[in-house]
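The structure under discussion appears below in the form of structure tokens.
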Amino acid sequence: MFDPHSFSLSNPDLVVDPYPFYEQIRECDPVHHSQMYGGSWVLFSYEDAAALLCDPRLTNDRATLPVMALPEDERAEFTDFVAFLHDWTAFFEGGHHLLRRKNMDQVFRQLTPALITEVVQDAVDRLIDGWEGRTSVDLVEEFARPLPAMVLTSLMGAPESDHEKLDHWADDIAYLFGASSLTAGDVRRGWASAEAFMAYLTDLARKMARHPESTLLGGLLTQTTSGFTFTEAEACAQCVLLMFAGLEPSRHLIGNAMLALHRFPDQRRLLAENPRLWPAAVEEFQRFDAPVQYIGRMAAESFSYRGHDIEKGQVVLPFVGSANRDPKQFPDPDVLDVRRRPKHLAMGEGVHRCIGAGLVRIQTAVALRTLLTRRPDLEVRTDPEPEWNSYVGFHGLKSLTIAA
Ligand code: HEM
């Protein structure tokens, strides 16, 4: 029997299906102190998650998170790595964050929905064309994984054929923010990949004869907003951030959504009959099975929250995966309803809300709509049960067989 007071992300049942656990914790201990990251506060209700994501007493400066649980004497080795992570816009706060974020938002605005749709549609069609003559396909490895990497690599301004290399580097870095316990070896691997990624991007930046503004790297190198321009090193570091932040959750969203449609075939029929529901459906997929289950914050000051003393420097983790299933916010939360139009927290809330939300909306809708239109008889195989990632921070499937 699960004891909510010993909440642990290393519990293998939690990785497969965290929702029954969340339900119990929401009822008996919604603001809970856990041993994650060497001691942290975990919050499970929608109200708490939404409030704390916007609480100015918490900071998003989590550049030290990968090394926090390492012994003191091992941390010194990673000083340069932590300094590199400190360049990421996501880890700035207040006016410094706003300035960088406005600049990046402007760069993203130059990627029009028409351009994104064209890049995504082209990649989706080529991936599906490649299955000609096949009777079964691993949707995760052969579609959900390569697609976001192909799209983001192209949008960045790099040759699409490099997408596997970039995806691999981004994975090593993402692991440092998704795994619940880390060794010095994990951090060493992440740092080596970040260095290789930076060398690659610096080379690419210098090769761009003119920096084309319709690419992310080109935009980041040239965009000036409110007098602020990224240096070359900072622009490259933001590209690493985009890849790290964007690839893994995008891939999981596609896999999780396909599995959800398999479990709710009436919703798949509804989408086939009403393709206009796709944009709303993508929001519901995010609510129903969030690829990012919790968001990290750190207490910038000590304060009391609902009778609990949160100390300065402690990690605070609003579990948006649980918030999105809170029945106080969403009636029948365990039911997938593509007409729901939920105000979910899967992409965060407040000033740090996901910068790639627009891209994700187009990418997921185009990918799944095309797949189900071109392969209307496609069946998801759940015998044996699909395998999940071994850490709940990024919640997604390792593989999902489809008969196409
Ligand atoms: C299904 C896919 C995705 C999910 C579920 C997701 C989710 C999130 C979440 C939960 C946050 C944290 C918000 C916070 O701290 O309050 C975030 C931030 C961020 N995301 Fe995404 N994301 C996705 C795709 C992407 C993509 C495709 C990109 C880039 C192209 C991206 C770039 C970022 C960046 C840069 C931030 C930091 C923003 C800031 O702190 O100002 N994400 N995302």
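The values are calculated or read from the model by the stated rules, or taken from the named source; none is laboratory data. The model shown is predicted, which means the values in this text are computed figures rather than measured ones. We place every Cβ from the backbone using ideal geometry, glycine too, and count neighbours over all the protein chains shown.
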Filter pass, residue 142 being part of a helix (DSSP H, G or I), closer than 16 Å to residue 364 by Cα, of a type in the set (D, E, K, R) and out of contact with any helix residue (DSSP H, G or I) (no Cβ under 9 Å at 6 or more places or on another chain): no
Residues of the stretch 343-362 that turn out to be crowded, with 18+ Cβ neighbours inside 10 Å and either more than 9 Å from the ligand (Cβ to nearest atom) or assigned to a helix (DSSP H, G or I) (or both), as a count: 6
Subset of the stretch 45-62 [closer than 19 Å to residue 32 by Cβ, in contact with a strand residue (DSSP E or B) (Cβ under 7 Å, 6 or more places away or on another chain) and of a type outside the set (Gly, Ala, Ser)]: 48, 52, 53, 57, 58
Pick from the stretch 58-90, criterion more than 23 Å from residue 101 (Cβ to Cβ) and assigned to a loop (DSSP other than H, G, I, E, B), ranking: nearest to the ligand (Cβ to nearest atom): 69
Residue check, residue 343 over 24 Å from residue 18 (Cα atoms) and without any contact (Cβ under 8 Å) to a residue 60 or more places away in the chain: no
Qualifying positions in the stretch 203-223 - assigned to a loop (DSSP other than H, G, I, E, B) and either within 26 Å of the chain's Cα centre (by Cα) or modelled with pLDDT of 95 or more (or both): 213, 214, 215, 223
Enumeration of residues in the stretch 286-318 that are under 20 Å from residue 245 (Cβ atoms), more than 10 Å from the ligand (Cβ to nearest atom) and either in a strand (DSSP E or B) or touching a helix residue (DSSP H, G or I) at 6+ places or on another chain (Cβ under 8 Å) (or both): 289, 298, 315, 316, 317
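Table: residues versus (1) of a type outside the set (Lys, Arg); (2) in contact with a Ser or Thr (Cβ under 7 Å, 6 or more places away or on another chain); (3) crowded, with 21+ Cβ neighbours inside 10 Å.
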position: 287; (1), (2), (3): no, no, yes
position: 292; (1), (2), (3): yes, no, yes
position: 339; (1), (2), (3): no, no, no
position: 364; (1), (2), (3): yes, no, yes
Residue 391, sole failed condition from (1) in a loop (DSSP other than H, G, I, E, B); (2) within 16 Å of the ligand (Cβ to nearest atom); (3) at pLDDT 95 or above; (4) within 25 Å of residue 179 (Cα to Cα): (3)
Verdict on residue 316 being in contact (Cβ under 8 Å) with a residue 40 or more places away in the chain and either touching a strand residue (DSSP E or B) at 6+ places or on another chain (Cβ under 9 Å) or on the phi > 0 side of the Ramachandran plot (or both): yes
Filter result for residue 7 (crowded, with 22+ Cβ neighbours inside 10 Å and within 30 Å of residue 400 (Cα to Cα)): yes
